[in-house]
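Written below as structure tokens is the structure these notes are about.
Derivation of every value follows stated rules applied to the coordinates shown; laboratory data play no part. Quantities reported herein were computed from a predicted structural model and do not represent experimental measurements. In this analysis, Cβ positions are derived from the backbone assuming ideal geometry, glycine residues included, and neighbour counts consider all displayed protein chains.
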Amino acid sequence: MAKCPKCGVDVAKPTKTWRLAPKGKKAITIGLYKCSGCGAFFRAAQK
Ligand SMILES: [Zn+2]
């Protein structure tokens, strides 16, 4: 679940996810979301 930064609509599932592992830091999972309200794409870290 992530909130669209443009219109505030909650998007339940990401279109795509991938792991991001910066050197020396803990790996996180990023999700690419497509807003069902305004159609904007945005990225958000997964919990
Ligand atoms: Zn939106």
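Quick notes on this one:
- Rounded to the nearest Hz, the phi-derived 3J(HN,Hα) couplings of segment 36-47 under the Karplus curve 6.51 cos²θ - 1.76 cosθ + 1.60 (θ = phi - 60°) are 7, x, 10, x, 6, 8, 8, 10, 8, 6, 7, 9, where x marks glycine and proline.
- Estimated distance in nm for a label pair at ARG43 and ILE28, the labels positioned 7 Å out from Cα along Cα-to-Cβ: 1.0 nm
- Note on the chain: with a GNM built from Cα contacts shorter than 10 Å, the maximum mean-square fluctuation among LYS16, LYS25, LYS34 falls on LYS25.
- Taking amide H as placed 1.01 Å from N in the peptide plane, THR17 has its amide H under 5 Å from the amide H of LEU32, each at least 5 places away in sequence or on another chain.
- Once the Cα gyration tensor of the chain is diagonalised, semi-axes √(5λ) in Å: 23, 9, 8
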